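Accompanying notes for the structure given below.
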Amino acid sequence: MKQALYTLALFLSATNFVFAECIFHRPIEIRELSIGNLLTWSTSTEHGNKKFYVEKSTDGVTFEEVGELDGAGDSQVITDYRFLDLKIGADEAFYRLKMVDASEYESITHTIFFNRENANNYVFRSMSSPTTDSHFTIVMDSKVEGKLRYRVVNQKNNVILSKSRYVSPGEHLISVNLTEFGLGSYKLQTFLNNEKEEVNIRRVKTESLPNIQYVIK
């Protein structure tokens with residue numbers, strides 16, 4: 001089964017995906033294989049791109065490197081990349097790419113969510129960095145229609161934001177403004193037809209933000 005996880009750029013009908021050092025010809029796609037998760041992407045332009053590091057997380061906040069590929073350096077042609085993650089572990093996983101240039105300057109992409117053989121009525125597809133100073137955005141894919149409720153809870157499990165909206169089958173964007181919340185860790189919880197999903201969010205000072213080359217807005 002193949003699942004393609006797209007950035008918000010697809011919603012805007014963009015044809016190229018621009019990062020500081022790379023122009024992405026094709027965004028990251030993930031295909032489920034019996035032996036692991038196959039990640040593929042391609043670039044049309046690279047400037048001083050030394051390495052791609054594939055990073056993986058089980059909670060969307062703490063990532064670890066699971067593989068690396070050599071970048072094309074300086075290139076003006078389409079370059080395809082493939083990485084097979086054999087360490088499947090849990091059925092749910094978060095992935096992102098870290099790019100390192102010749103000067104060892106690091107930057108990361110948006111985060112994408114992958115769920116193996118998911119039978120739920122809705123799943124998360126991609127999201128902005130869960131470490132943020134202001135906004136957090138997530139793309140969900142619903143297989144059903146119904147009333148979607150979502151809320152933000154703090155570490156004491158107190159609800160500090162609660163909203164709802166009607167959704168139809170397809171992809172939907174959820175955006176949460178965290179500027180009125182204090183610094184610290186939170187959870188975004190979503191509910192649809194008696195199903196629940198949640199992701200971890202962390203609000204930090206602006207100077208503590210990771211260098212993100214593509215943000216879903």
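The values are calculated or read from the model by the stated rules, or taken from the named source; none is laboratory data. All values derive from a computational prediction rather than experimental measurement. Don't worry about glycine lacking a Cβ; one is built from the backbone with ideal geometry, like all the others, and counts go over all protein chains shown.
Points worth noting:
- Verdict on A102 being touching a residue at least 12 places away in the same chain (Cβ under 8 Å) and under 20 Å from T40 (Cβ atoms): no
- Candidates F94, F114, F124 - the one that is closer than 24 Å to E197 by Cα and either touching a Ser or Thr at 6+ places or on another chain (Cβ under 8 Å) or free of Cβ contacts under 8 Å to residues at least 24 places away in the same chain (or both): F94
- In the condition set (1) in contact with a Gly (Cβ under 8 Å, 6 or more places away or on another chain); (2) assigned to a strand (DSSP E or B); (3) of a type in the set (A, V, I, L, M, F, W, C), I112 is compliant with all but (1).
- Unmet requirement for E65, which otherwise passes all of (1) more than 17 Å from the chain's Cα centre (by Cα); (2) modelled with pLDDT of 85 or more; (3) surrounded by fewer than 14 Cβ atoms within 10 Å (Cβ to Cβ): (1)
- Meets criteria (closer than 29 Å to H25 by Cα and either modelled with pLDDT of 85 or more or crowded, with 19+ Cβ neighbours inside 10 Å (or both)) for V54: yes
- Those strands (runs of 3 or more DSSP E) of segment 115-186 in which 1 or more residues are surrounded by fewer than 16 Cβ atoms within 10 Å (Cβ to Cβ) occupy 135-142, 146-153, 159-167, 170-177.
- Search result, residues across segment 32-45 that are modelled with pLDDT of 85 or more and either not assigned by TED's automatic domain parsing to the domain that holds R96 or not polar (S, T, N, Q) (or both): L38, L39, W41
- The one condition in (1) surrounded by 12 or more Cβ atoms within 10 Å (Cβ to Cβ); (2) in contact (Cβ under 8 Å) with a residue 24 or more places away in the chain; (3) not in a loop (DSSP other than H, G, I, E, B) that E198 fails to fulfil: (2)
- Residue match in segment 69-92 (condition: surrounded by 19 or more Cβ atoms within 10 Å (Cβ to Cβ), part of a loop (DSSP other than H, G, I, E, B), at positive phi and not assigned by TED's automatic domain parsing to the domain that holds V199): no
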